[in-house]
Amino acid sequence: MEAMVIVTRGGYPECIHRFHIVLVDKEGNTIFERGDINFLTCLRSSAKPFQAITALRAGIVEHFGLNDKEVAILTGSINAEPFQVEIVRSILNKGGLDESFLQCGIQYPSHKATAEKLKKEGQPPLAIYHNCSAKHAGMLLACKAKKYSLENYLHFEHPFQKEILRTVSQFTEMEENQIKTVVDGCGAPVFFMPLKNLAVGYKNLSISNEPYLLKLIKSVIKHPLMIAGNDRLCSEIIELTNGRIFIKIGADGVYAGFNNITKEGLALKIEDGSVKPMYLMLLYILKKIEWIRENEFEALKKYWHLTVKNSKNYVVGEYIAKF
């Protein structure tokens, strides 16, 4: 059965966004599916929990005295709002490093108001404003803790990147040689795998009792703005559900999450990578599988009640989820 979001104009379908969706139970059995559950999917930033756990396993909390906010932001795709940038700088400083060590590339913050303010002030884009800067800071501290090279920390053959691959293999229940490793938008290695294995990976995040993993999840639940930021769906879902639902976006149309109560894992991929239809479908699916309640669904209405407006601000169409 297909899942899609249809964008209409004057009551007629104008655009169709197709999805692949899979939900697994705590044993890893598929209990809900739409489209192709084995659709080959690049994890993008949905890989960040696995990358963050690997950094924590290197002992960076103990070595450098990271606090809960600093732990939480390691798995974040941040807006680079000022309070987040301050935390990333603190992580680097605790490791005796500065922003020059970051190899994620430079950009302005994805938070529009923050970016506009910096531009008006004549400030340049920086690596620390990159939405992956916290992940990179965690990688650098892990390499320093383990006395690995900092200069080539993004190379596929770097020992820390090999450790990340082992972590991904562990949680997604795939052999390392079956996981396809490619280069992410920030320059770090990232992974292609069947969509179901991503869901299995997140299910395993929910059932593991590993202290480092529990530390990471509890830190994000305590500080949900660290995983994304203000006006971001990941942060809002985690906060609204008091951590019952842990959810993480990946670029170009990926979402993955787990239910802390049922220990189920969910993965979703929109083929064309569009953002707004992905938000809408995610929330309808979360409601369908009873991960979120009616009042929580209504509280997130701005993400699923989407209309098409013309230049005169007239409503001329709508977004409709079909699954």
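Overview of results
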| quantity | calculated |
| --- | --- |
| Per-region count, segment 151-196, residues under 19 Å from residue 57 (Cβ atoms) and among the acidic types (Asp, Glu) | 3 |
| Hits in segment 253-263 (condition: of a type outside the set (A, V, I, L, M, F, W, C) and either farther than 18 Å from residue 50 by Cβ or at pLDDT below 95 (or both)) | 253, 259, 262 |
| Enumeration of residues in segment 102-126 that are surrounded by 20 or more Cβ atoms within 10 Å (Cβ to Cβ) and either touching a strand residue (DSSP E or B) at 6+ places or on another chain (Cβ under 9 Å) or not β-branched (Val, Ile, Thr) (or both) | 102, 104, 109, 111 |
| Filter result (closer than 17 Å to residue 25 by Cβ and assigned to a loop (DSSP other than H, G, I, E, B)) within segment 248-280 | 260, 261, 262, 263, 264 |
| Out of 27, 86, sole residue that is charged (D, E, K, R) and within 16 Å of residue 128 (Cβ to Cβ) | 86 |
| Conditions (1) crowded, with 22+ Cβ neighbours inside 10 Å; (2) among the charged types (D, E, K, R); (3) in contact (Cβ under 8 Å) with a residue 60 or more places away in the chain; number of the one not met by residue 146 | (1) |
| Whichever residue in segment 250-269 is aliphatic (A, V, I, L, M) and buried (at least 24 other Cβ atoms within 10 Å of the Cβ) and, among such residues, is nearest to residue 292 (Cα to Cα) | 266 |
| Condition broken by residue 134, with the remaining ones in (1) touching a residue at least 40 places away in the same chain (Cβ under 8 Å); (2) within 23 Å of residue 49 (Cα to Cα); (3) surrounded by fewer than 19 Cβ atoms within 10 Å (Cβ to Cβ) satisfied | (3) |
| Those residues of segment 150-183 which are touching a residue at least 40 places away in the same chain (Cβ under 8 Å) and under 20 Å from residue 100 (Cα atoms), in sequence order | 150, 153, 154, 160 |
| Check on residue 82, touching a strand residue (DSSP E or B) at 6+ places or on another chain (Cβ under 6 Å), surrounded by fewer than 21 Cβ atoms within 10 Å (Cβ to Cβ), on the phi < 0 side of the Ramachandran plot and not hydroxyl-bearing (Ser, Thr, Tyr) | no |
| Residues (closer than 25 Å to residue 273 by Cβ, surrounded by fewer than 24 Cβ atoms within 10 Å (Cβ to Cβ) and more than 11 Å from the chain's Cα centre (by Cα)) located in segment 233-249 | 236, 245 |
| Strands (runs of 3 or more DSSP E) (entirely within segment 1-116) containing at least 2 residues that are over 21 Å from the mean Cα position of the chain (by Cα) | 3-9, 12-24, 30-34 |
| All positions within segment 285-302 that are surrounded by fewer than 18 Cβ atoms within 10 Å (Cβ to Cβ) and of a type in the set (Phe, Trp, Tyr) | 297 |
| Single match in 96, 35 (criterion: touching a residue at least 24 places away in the same chain (Cβ under 8 Å), on the phi > 0 side of the Ramachandran plot, surrounded by fewer than 18 Cβ atoms within 10 Å (Cβ to Cβ) and not hydroxyl-bearing (Ser, Thr, Tyr)) | 96 |
| Residue within segment 236-247 that is without any contact (Cβ under 8 Å) to a residue 40 or more places away in the chain, aliphatic (A, V, I, L, M) and assigned to a strand (DSSP E or B) present | yes |
| Count of segment 211-231 residues which are on the phi < 0 side of the Ramachandran plot, surrounded by fewer than 21 Cβ atoms within 10 Å (Cβ to Cβ) and in a loop (DSSP other than H, G, I, E, B) | 1 |
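This table checks each residue for (1) free of Cβ contacts under 8 Å to residues at least 60 places away in the same chain; (2) out of contact with any strand residue (DSSP E or B) (no Cβ under 9 Å at 6 or more places or on another chain).
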{"residue": "6", "(1), (2)": "no, no"}
{"residue": "25", "(1), (2)": "no, no"}
{"residue": "48", "(1), (2)": "no, no"}
{"residue": "56", "(1), (2)": "no, yes"}
{"residue": "65", "(1), (2)": "yes, yes"}
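The values are calculated or read from the model by the stated rules, or taken from the named source; none is laboratory data. Given the structure is predicted, the values throughout are model-derived calculations rather than measurements. FYI the Cβ positions are ideal-geometry reconstructions off the backbone, even for glycines, and counts take in every protein chain you see.
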